[in-house]
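Student: Please find one structure pasted underneath; my questions will follow.
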Number of protein chains: 2
Amino acid sequence: MAEFDLIERIRRRAASRDDVLLGIGDDAALLRVPPERHLVVATDTLNAGVHFPGDSAPADIGWKALAVNLSDLAAMGAEPAWCTLSLSLPQADPAWLDGFLDGFLALAERHRVALVGGDTTRGPLSACVTVHGLAEAGRALRRDRARAGDDVWVSGTLGDAAAALAQWRQGGAADPVLRARLDRPTPRLALGRALAGLAHAAIDVSDGLLADLGHVCRASGVGAELDLDALPASPALRGAFAGDALRGLQASGGDDYELCFTAPSAAIDAVQRAAEASGTPVSWIGRIVAGSGVAVFDAEGARWTPPRAGYEHFGAA
Amino acid sequence: MAEFDLIERIRRRAASRDDVLLGIGDDAALLRVPPERHLVVATDTLNAGVHFPGDSAPADIGWKALAVNLSDLAAMGAEPAWCTLSLSLPQADPAWLDGFLDGFLALAERHRVALVGGDTTRGPLSACVTVHGLAEAGRALRRDRARAGDDVWVSGTLGDAAAALAQWRQGGAADPVLRARLDRPTPRLALGRALAGLAHAAIDVSDGLLADLGHVCRASGVGAELDLDALPASPALRGAFAGDALRGLQASGGDDYELCFTAPSAAIDAVQRAAEASGTPVSWIGRIVAGSGVAVFDAEGARWTPPRAGYEHFGAA
């Protein structure tokens, strides 16, 4: 099967939108951006053995390749519109490609994202996705707008994906609920849009809560104080881990793709309404303070430090 | 060196533009698209050992990673604006990254392209670039607008890049002029813009002239007849190859990144003016005809077939 056949296989399954003037099949896609909207662009690559376990189902890899990118749009409060896919495959395997597309396009359809271009090429298994979203001018969520006095919030629960990875690395079968969180993250797009114009700053939790909130603090020139007991945990995580191992996964585990955001304390009710309207649970976890760095305090008010560093692709973790 | 340090290293060197509201450093870039312009998006990945020889200089890899993408914008008649870079590296090597950026950013600066986002990650050496351009509504060049009676044109010369690859594969040192065409292709952006609204159809020659013109013919529902002796060759190519080997490289060699385009025969003078205005030589090479397929005829009017198939990543070539 040649490259053109693979691309044709993708083209036949990709849905379109009215604002796609030219999709897969030309040198480039041609797209219409509505006036008064800003273009929001993010790109992320998943490499085999680095971003997903080698035994991952093709459909899960396809889902995750799009999900991690849509999560970046969620963290900007943007509405997703289009994406491109650059897929490197060790061999041209139509069955593998079909499985990958099952996951990728199921998530694309859920959020009305049109796949408008890309390429397939020979190489070690890797999927590079670029997503394009639209944001109302002046209402996009940024990392550099947190202010001292803001509340710090996080969506959903923390640590499930890292827990599944830890179980997988230890050679045991991962709890299926935890493994699903690793393989099929939920981009919090509805919440992100509901927070646009309301939250001061937002980021998605991909490297781990402390690392990602640290990015927000650095960009905003502030610090944060978190309440350890306020970090949300799923029943599955509590069933599998306890004590500092549990806390470490919540504070430093990556790949959750929840939103961490800050909002003025006067906006508590509005944040709760945004969470309800978007069907996304949120938890208050701390406050933005003057200064720098992210400090975590336990129930006794003592400073808590995580048992291990957050995940970095090039780091020592 | 951690991923964040690599990204910071990239961020410090990346230039910006007035229409970049938010560049590298947030979850996504925030960009302003002018009204009355359409967004043009292309993405292409270069993998080590597949798209460039293993001994390529980092600066050449950086140049080429952007050039092949800008070439797609050229083939649409679009003006480049922004790009993202997703870079997979076997190890975090700041010297290698600096070399890569030397080539990548030199080309970006030449065409006023702002690098606005991306990621770096661990994995086999690979660069996935997405470029964003702007086109006047209704004037973008497409593959599916060639008409019977059109002239077929090509820019520059054909076969140099494939000749360098052939020399490299045979173990000899490639002619430096030819090797430069393989390592540092020139995206024909000025010509593409000058042809917008003038040419009927266009494509960039990445897979080989016959293969790429074949895409145009299939998309447009037409055929093409080419004059073998009209295919342009560089002095360096003529110095290194002759006969059918030379013809085969011109007709089927990939990686030239010249523009092949069709235009009504009444537009010959306008095409020549566009070529002069953009400082890009063009050659008439044949005609679009009713029917299908691309046929090549020699000086005696006999049908000529190339000695080998065009390059396909997953093909038998």
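The values are calculated or read from the model by the stated rules, or taken from the named source; none is laboratory data. For clarity, every value in this text was computed on a predicted model and none was experimentally measured. Every residue, glycine as well, gets a Cβ built from its backbone with ideal geometry; the counts of neighbours run over all protein chains shown.
Student: The conditions are (1) within 14 Å of another protein chain (Cβ to nearest Cβ); (2) hydrophobic (A, V, I, L, M, F, W, C); (3) not in a helix (DSSP H, G or I), and B:L198 fails exactly one of them. Which is it?
Tutor: (1)
Student: Could you check the stretch B:135-145 and list, in sequence order, the residues that are buried (at least 21 other Cβ atoms within 10 Å of the Cβ) and over 23 Å from B:I268 (Cα atoms)?
Tutor: B:A135
Student: Search the stretch A:22-54 for residues being surrounded by fewer than 20 Cβ atoms within 10 Å (Cβ to Cβ), without any contact (Cβ under 8 Å) to a residue 40 or more places away in the chain and not basic (K, R), and hand back the single one that is farthest from B:N69 (Cα to Cα).
Tutor: Checking each candidate, the answer is A:G54.
Student: Continuing with this model, one more query. Could you tell me whether the stretch B:193-206 includes any residue that is β-branched (V, I, T) and under 22 Å from B:V296 (Cβ atoms)?
Tutor: Taking the stretch B:193-206 first, the residues β-branched (V, I, T) are B:203, B:205.
Remaining after also requiring under 22 Å from B:V296 (Cβ atoms): B:203, B:205.
Yes, because at least one residue in the stretch B:193-206 is β-branched (V, I, T) and under 22 Å from B:V296 (Cβ atoms).
Student: Now, a different point. Starting from residues that are assigned to a loop (DSSP other than H, G, I, E, B) and within 16 Å of B:G254 (Cβ to Cβ), keep the ones in the stretch B:201-231 and report whichever is farthest from the other protein chains (Cβ to nearest Cβ).
Tutor: Only one residue fits best here, namely B:L231.
Student: Now a separate question. Answer yes or no: is there a residue in the stretch B:80-96 that is within 25 Å of the chain's Cα centre (by Cα), surrounded by fewer than 21 Cβ atoms within 10 Å (Cβ to Cβ) and in contact (Cβ under 8 Å) with a residue 60 or more places away in the chain.
Tutor: no
Student: Further, regarding this structure: Failed condition for B:P281, given (1) surrounded by 15 or more Cβ atoms within 10 Å (Cβ to Cβ); (2) under 29 Å from B:L46 (Cα atoms), with all others met?
Tutor: Here B:P281 clears every test but (1).
Student: Shifting gears a bit: Condition (residue is within 14 Å of another protein chain (Cβ to nearest Cβ), charged (D, E, K, R) and under 16 Å from B:A263 (Cβ atoms)) applied to the stretch B:149-164: is it met by at least one residue?
Tutor: Checked against the condition, which is being within 14 Å of another protein chain (Cβ to nearest Cβ), charged (D, E, K, R) and under 16 Å from B:A263 (Cβ atoms), the stretch B:149-164 yields no hits at all.
Student: Within the stretch B:227-266, take every residue that is closer than 17 Å to B:G192 by Cα and in contact with an Asp or Glu (Cβ under 8 Å, 6 or more places away or on another chain) and give me the one that is surrounded by the most Cβ atoms within 10 Å (Cβ to Cβ).
Tutor: Here the answer is B:E258.
Student: Determine which member of the set B:A67, B:A59 is assigned to a helix (DSSP H, G or I), closer than 21 Å to B:L134 by Cα and more than 8 Å from every other protein chain (Cβ to nearest Cβ).
Tutor: So the residue among B:A67, B:A59 that is assigned to a helix (DSSP H, G or I), closer than 21 Å to B:L134 by Cα and more than 8 Å from every other protein chain (Cβ to nearest Cβ) is B:A67.
Student: Would you check which residues across the stretch B:69-79 are under 19 Å from B:V116 (Cβ atoms) and surrounded by 24 or more Cβ atoms within 10 Å (Cβ to Cβ) and list them?
Tutor: Answer for the stretch B:69-79, where residues must be under 19 Å from B:V116 (Cβ atoms) and surrounded by 24 or more Cβ atoms within 10 Å (Cβ to Cβ): B:N69, B:L70, B:D72, B:L73, B:A78.
Student: Which one of these is farther than 19 Å from A:P80 by Cα and crowded, with 24+ Cβ neighbours inside 10 Å: A:A148, A:A224?
Tutor: A:A224
Student: Identify all residues within the stretch B:121-138 that are farther than 23 Å from B:R32 by Cβ, touching a Lys or Arg at 6+ places or on another chain (Cβ under 9 Å) and of a type outside the set (A, V, I, L, M); write none if there are none.
Tutor: Across the stretch B:121-138, there are no qualifying residues.
Student: State yes or no: is B:D144 within 12 Å of chain A (Cβ to nearest Cβ), more than 30 Å from A:V50 (Cβ to Cβ), of a type outside the set (K, R) and in a loop (DSSP other than H, G, I, E, B)?
Tutor: Taking the combined requirement at face value, the residue satisfies it.
Condition check ((1) in the same structural domain as A:E300 (by the TED database); (2) among the small types (G, A, S); (3) closer than 17 Å to A:G286 by Cβ; (4) over 20 Å from the mean Cα position of the chain (by Cα)) across all residues:
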{"site": "A:D227", "(1), (2), (3), (4)": "yes, no, yes, yes"}
{"site": "A:L231", "(1), (2), (3), (4)": "yes, no, yes, no"}
{"site": "A:P235", "(1), (2), (3), (4)": "yes, no, no, yes"}
{"site": "A:G239", "(1), (2), (3), (4)": "yes, yes, no, yes"}
{"site": "A:L246", "(1), (2), (3), (4)": "yes, no, no, yes"}
{"site": "A:L249", "(1), (2), (3), (4)": "yes, no, no, no"}
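Student: I need the full set of residues from the stretch A:17-35 which are within 26 Å of the chain's Cα centre (by Cα) and more than 7 Å from chain B (Cβ to nearest Cβ), in order please.
Tutor: Answer for the stretch A:17-35, where residues must be within 26 Å of the chain's Cα centre (by Cα) and more than 7 Å from chain B (Cβ to nearest Cβ): A:R17, A:D19, A:V20, A:G23, A:I24, A:P34.
Student: Let me ask something else about it. Would you check which residues across the stretch A:100-131 are within 7 Å of chain B (Cβ to nearest Cβ) and not in a strand (DSSP E or B) and list them?
Tutor: Across the stretch A:100-131, the qualifying residues are A:G123, A:P124.
Student: Looking at B:L134, B:L178, B:L97, which is the one that is of a type outside the set (F, W, Y), part of a helix (DSSP H, G or I) and either within 27 Å of A:S86 (Cβ to Cβ) or in contact with a Pro (Cβ under 7 Å, 6 or more places away or on another chain) (or both)?
Tutor: On the way: B:L134 fails: part of a helix (DSSP H, G or I); B:L178 fails: either within 27 Å of A:S86 (Cβ to Cβ) or in contact with a Pro (Cβ under 7 Å, 6 or more places away or on another chain) (or both).
Exactly one of B:L134, B:L178, B:L97 is of a type outside the set (F, W, Y), part of a helix (DSSP H, G or I) and either within 27 Å of A:S86 (Cβ to Cβ) or in contact with a Pro (Cβ under 7 Å, 6 or more places away or on another chain) (or both), namely B:L97.
Student: Looking at B:H51 and the list (1) within 24 Å of B:R188 (Cβ to Cβ); (2) modelled with pLDDT of 95 or more; (3) at the interface with chain A (Cβ under 10 Å from one of its Cβ atoms), which single condition is not satisfied?
Tutor: Answer for B:H51: the failing condition is (2).
Student: Can you name every residue in the stretch B:5-16 that is in contact with a helix residue (DSSP H, G or I) (Cβ under 9 Å, 6 or more places away or on another chain) and either in a strand (DSSP E or B) or more than 10 Å from chain A (Cβ to nearest Cβ) (or both)?
Tutor: Of everything in the stretch B:5-16, those that are in contact with a helix residue (DSSP H, G or I) (Cβ under 9 Å, 6 or more places away or on another chain) and either in a strand (DSSP E or B) or more than 10 Å from chain A (Cβ to nearest Cβ) (or both) turn out to be B:R9, B:I10, B:R13, B:A14, B:A15.
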